[in-house]
Amino acid sequence: MLRRFIRRAVISIRRAYAGQSVFEAFIVVTVVAVVALPLLGSKKAERGVRVGIVIDGPVTRADLIDTFRGELLELMGEEFGLEVPADAIVPSDYTAEGVRASLEALYADPKIDLVIALGLIASQEAAMRDHRPKPTFAPFPVDIETQSLPYADGVSGVPNFNYLAANISTRHSLVTFRQLVPFKYLALLVNAELARAVPGFTAQAQSAAKELGIQLDVIPVGNSVGDALAAMNPGVDAVFVTPLLQLSSTEFERLTQEFVRRRIPSFSLLGEDEVSAGILAGIRPRSEWRRMARRVSLNAQRALLGEDPGDLPVEFEMHQRLMLNMETARAIGFSPSWDVYVEAELLYPDDLQQRERTLIGSVREAISRNLSLEANRHEVLAGAEEVKNARSNLLPQADFRAGYTHIDSDRAQNSFGLQPESQEDVGARVEQLIWDESTWANLSVQKHLQRARSENRRARSLDIVLDASVTYLNVLRAETLLRTERENLVLSRSNLDLARVRVAVGYSGRQEELRWISRIARDKQAVIDAYVRVQIARQSLNQLLDLPIEEGFAAQDATLQEYGFIFGQPELLSYVDSPAENLIFRDFMVEIALEESPELKGIAAALEARERVLTSTRSAFYSPSIAFRGDVRYTINESGAGSGSSSKDDTDYTLGLRLTFPIARGGAKFSETKQAYEEVAQLRLEKREASRRIERDVRSSFFIAARSFTNIALSNAASAAADENLTLVTDLYGRGAVGITDLLDAQNAALRDDQAAANAVYNFLVDLIRAERAASSFSFLASSSERDALTERMKTFFARKP
């Protein structure tokens, strides 16, 4: 009781500051001081608040009940010792009489302090009562006018009674469903007892169907779906499912499977939970039922703090978002339009049927599958053969030959047996280079060039890691922007509903409604653009991985902890969280980069190759070439004139050693030497310039990464402030306190800041990975032992600094 006095005092003081009764604030504060404060020393135990809930009938899918119960306990469980015991949740029998009796029982129970009529029948019966002895809340009336609910200036005006006039319009749902599927014959499935107890519920649907030119069959559903399915006319081409909470999960699954078998599109009034369970479409997210439960809980809290429920606002705007079960859509052969596809939230989309991808998995796949890298691999392999070719000139060279010779008989006769008319012979030749400076130099040069090719391949691999990482993160960024654009579209639709209410009550004119309609059209364009960007980003990743361009996949999130290097490790943030420490960290990364850079190593290898050429050209002035040569020939057969006329050995051989000194080549040796000298000088300068460029790139890119890391917290703070501002401005807009310009500004700011916050981590990871590419070392690809070694080396580096 003491808490109630104090909170009542706070409420009254706030009212006084808002221009309401100062006298009331004074009285309440006086009561707190005189009566409540002495209770501070009292140890009198006070019983907690008990809430009773009346539901229309037995339910087997109690998600909605659990949602309301959970919100009540979360908000007031500790503050008021609130309880919602199982025996205080009273299911009726889906009849008006039964619900009425359940309400009477809770009103008569002295242990119950507050009553919630959780159901269409319960809300109707609570509204029709003449007297309510306890605070009563009815979240689910059908329609204010149809049920003649009390309403005056946004409140019920009836003591102890509050309801929610939510925009749960059957007509709007039918219009949305028909825009999705052009049906003509609709079956409305409704709880059989509910249809009898609340005739206004089905009457509302019948009136809307008649207005829209739809043939409608109202089919009552009991605890089993068999009779309802049998009652469906074969000509029915769509089904509208109202809350059938009496069905078990098994029966509801049987219902959805039969819709699929008959290839009939279906729509759920409850929304997301039933769409997830197999219904094709719905427009009410699960979060909105939780928000409704939170609103009821807040109203109950205000009642417990002393306010009369009859003075609490009844208006409640439910946000709507089209949801499609794509698994069901595929099963019944339904394909949504482009406009619907990009605007709706898709459950079980095609992507989820494909394999999942991660950042590190995509990077490794790119390294193994990328076509340009594979082409580069063949270049390196071809270069290895160049080394072998160069080495082959230093190894023995051998030839084998076989021949047949025929000359005219006169010449053979006059050769004195040296040249027979016909001769068959075989022979072989062996050559071995003993020393040749240019040949040995070529082997060394080719080895250096091959090392340069390998380093260039490593550089290309690092580029592929960077490209794959950035492309993957671009997919995540594009999907995030698509999600925020869709949420913004939902918000614009909600604001259009608010604008229509403002027009209805005279706060604004028709031009304001038209402005929101124009805004929604632009927002839909933005959603389509964002959707296209997602597909382009996905195609780019598939192309990089050499996969079918249109192949679907589910991109898993990339977290700061997994890919953020030391930025993702709180215990190491001290090494980068100040300008001075960050400078030392950049010095460390420059040291790593200069050691690991394949570009530098490639230039160094090319430089060594040219230096060897320079040495060779200088030696060419005096270095000889020495080679050994041996030749052997064996005569197999001689015939005709001149054959057999002399006795000679059939085997001939020649052995020789050749020594060659360079003397003059027309000035070519001087020219080659000068060329090699200039090329060496060029490469030395290029190496120095590359070192400077790498140092600059490392320092600037890690500077940028540090800035992006700081922006994560700042973006989140800006987003939270913008969202809170939007909530406040939206509330003021709904009450007519601000105009459309203020709300548009707040919504634009919230969209911009939400997108920045949502992508802040991805932007940082892109900048960090670019910095790691500059340093030629990707931390997320290293093993845990390699990362530990790098961390220890960094700590040692810092320790050496003054």
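Structural remarks
- Close pairs from the stretch 428-447: first more than 11 Å from Arg391 (Cβ to Cβ), partner open to solvent by 70 Å² or more (accessible area, probe 1.4 Å) and among the charged types (D, E, K, R), Cβ under 7 Å, at least 6 apart: Ala428/Asp399; Arg429/Asp399; Glu431/Arg629
- Scanning the stretch 427-446 for residues that are open to solvent by 40 Å² or more (accessible area, probe 1.4 Å) and among the aliphatic types (A, V, I, L, M) turns up Val430, Ile434.
- Ser392 open to solvent by 30 Å² or more (accessible area, probe 1.4 Å) and closer than 15 Å to Leu466 by Cα: no
- Once the stretch 73-82 is narrowed to residues that are assigned to a loop (DSSP other than H, G, I, E, B) and not aromatic (Phe, Trp, Tyr), the residue that is surrounded by the fewest Cβ atoms within 10 Å (Cβ to Cβ) is Glu78.
- Within the stretch 362-379, residues that are touching a residue at least 24 places away in the same chain (Cβ under 8 Å) sit with their Cβ atoms under 7 Å from residues that are surrounded by 12 or more Cβ atoms within 10 Å (Cβ to Cβ) and of a type in the set (Ser, Thr, Tyr), at 6+ positions apart or across chains, in these pairs: Ser362/Tyr472; Val363/Ser469; Ile367/Ser461; Leu373/Ser461.
- Only one entry of Ile517, Ile528, Ile464 meets the criterion of being hydrophobic (A, V, I, L, M, F, W, C), open to solvent by 10 Å² or more (accessible area, probe 1.4 Å) and either touching a residue at least 40 places away in the same chain (Cβ under 8 Å) or part of a loop (DSSP other than H, G, I, E, B) (or both), and that entry is Ile528.
- Residue that is open to solvent by less than 20 Å² (accessible area, probe 1.4 Å), part of a strand (DSSP E or B), within 17 Å of Val59 (Cβ to Cβ) and of a type in the set (A, V, I, L, M), where the choices are Leu255, Leu194, Leu189: Leu189
Matching residues to (1) small (Gly, Ala, Ser); (2) farther than 30 Å from Tyr762 by Cα; (3) assigned to a helix (DSSP H, G or I):
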{"residue": "Ile603", "(1), (2), (3)": "no, yes, yes"}
{"residue": "Ala606", "(1), (2), (3)": "yes, yes, yes"}
{"residue": "Phe621", "(1), (2), (3)": "no, yes, no"}
{"residue": "Ala664", "(1), (2), (3)": "yes, yes, no"}
{"residue": "Glu679", "(1), (2), (3)": "no, yes, yes"}
{"residue": "Phe702", "(1), (2), (3)": "no, no, yes"}
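- Among the residues making up the stretch 690-737, those that are open to solvent by 30 Å² or more (accessible area, probe 1.4 Å), under 18 Å from Ser494 (Cα atoms) and among the hydrophobic types (A, V, I, L, M, F, W, C) are Leu728, Leu732, Ala737.
- Meets criteria (open to solvent by less than 60 Å² (accessible area, probe 1.4 Å), assigned to a helix (DSSP H, G or I), touching a residue at least 12 places away in the same chain (Cβ under 8 Å) and touching a helix residue (DSSP H, G or I) at 6+ places or on another chain (Cβ under 6 Å)) for Leu346: no
- Of all residues in the stretch 105-118, exactly one satisfies the criterion of being in a loop (DSSP other than H, G, I, E, B) and either open to solvent by less than 10 Å² (accessible area, probe 1.4 Å) or of a type in the set (Val, Ile, Thr) (or both), namely Ile112.
- All of (1) touching a helix residue (DSSP H, G or I) at 6+ places or on another chain (Cβ under 8 Å); (2) within 28 Å of Asp66 (Cβ to Cβ); (3) in contact (Cβ under 8 Å) with a residue 24 or more places away in the chain hold for Glu288 with one exception: (1).
- Exactly one residue out of Ala293, Ala331 is among the small types (Gly, Ala, Ser) and surrounded by 21 or more Cβ atoms within 10 Å (Cβ to Cβ): that is Ala293.
- Residues in the stretch 404-426 that are open to solvent by 70 Å² or more (accessible area, probe 1.4 Å) and in a helix (DSSP H, G or I): 3 in all.
- Residue in the stretch 486-494 that is within 26 Å of Asn542 (Cβ to Cβ), crowded, with 19+ Cβ neighbours inside 10 Å and modelled with pLDDT under 90 present: yes
- Single residue of the stretch 159-186 satisfying the filter (surrounded by fewer than 20 Cβ atoms within 10 Å (Cβ to Cβ) and of a type in the set (Ser, Thr, Tyr)) that is modelled with the lowest pLDDT: Ser169
- Among residues of the stretch 772-798 that are farther than 22 Å from Pro598 by Cα, those with a beta-carbon under 7 Å from a residue that is of a type in the set (Ser, Thr, Tyr) and assigned to a helix (DSSP H, G or I) at least six positions away or on a different chain give the pairs Phe798/Tyr575.
- Of all residues making up the stretch 554-567, the number that are surrounded by 15 or more Cβ atoms within 10 Å (Cβ to Cβ), closer than 30 Å to Pro349 by Cβ and in contact with a helix residue (DSSP H, G or I) (Cβ under 6 Å, 6 or more places away or on another chain): 4
One line per residue, one yes/no per condition, for (1) among the polar types (S, T, N, Q); (2) under 22 Å from Met128 (Cβ atoms); (3) buried (at least 16 other Cβ atoms within 10 Å of the Cβ):
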position	(1), (2), (3)
Val51	no, yes, yes
Ile65	no, no, yes
Glu71	no, no, yes
Val84	no, no, yes
Asp87	no, no, no
Tyr94	no, yes, yes
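The values are calculated or read from the model by the stated rules, or taken from the named source; none is laboratory data. Predicted, not measured: the structure shown is a model, and the values here were computed from it. Please note: Cβ atoms are built from the backbone with ideal geometry, for glycine as well, and neighbour counts cover all protein chains shown. Please note that ligands, DNA and RNA were not included when accessible areas were found on the heavy atoms of the full protein model with its side chains. Shrake-Rupley method; radii C 1.70, N 1.55, O 1.52, S 1.80 Å.
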